[in-house]
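Q: This is the structure, below, for whatever I ask next.
The values are calculated or read from the model by the stated rules, or taken from the named source; none is laboratory data. In this text, all values refer to a predicted model and were calculated from it rather than measured experimentally. Virtual Cβ from ideal backbone geometry, glycine too; neighbours counted across all protein chains shown.
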Amino acid sequence: MKPIDTMENEFHIDNGTKAGTAAGTLLTIIFNIHIHDILKTVVLAAIGAIVSFGVSLALKYLVKKIKK
């Protein structure tokens, strides 16, 4: 008889199921993402990083001017 206050692993998922799910997800992602999507993401990330850096520099400059 199991104790009521402790819950054992009722939903056991074996390693084969985990590996199959992971492989299926990975293959679905690989075949549904096109090179244009990846390039667009890289370009947008680079633009975002440049803008973020520029805004940081501008705010740093403004804070320095205001403190004087």
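Q: Of the residues that make up the range 7-27, is at least one in a helix (DSSP H, G or I), surrounded by 10 or more Cβ atoms within 10 Å (Cβ to Cβ), of a type in the set (S, T, N, Q) and modelled with pLDDT under 90?
A: yes
Q: Sticking with this one: State whether the residues of the range 37-59 include one that is loosely packed, with under 10 Cβ neighbours inside 10 Å, modelled with pLDDT under 95 and assigned to a helix (DSSP H, G or I).
A: no
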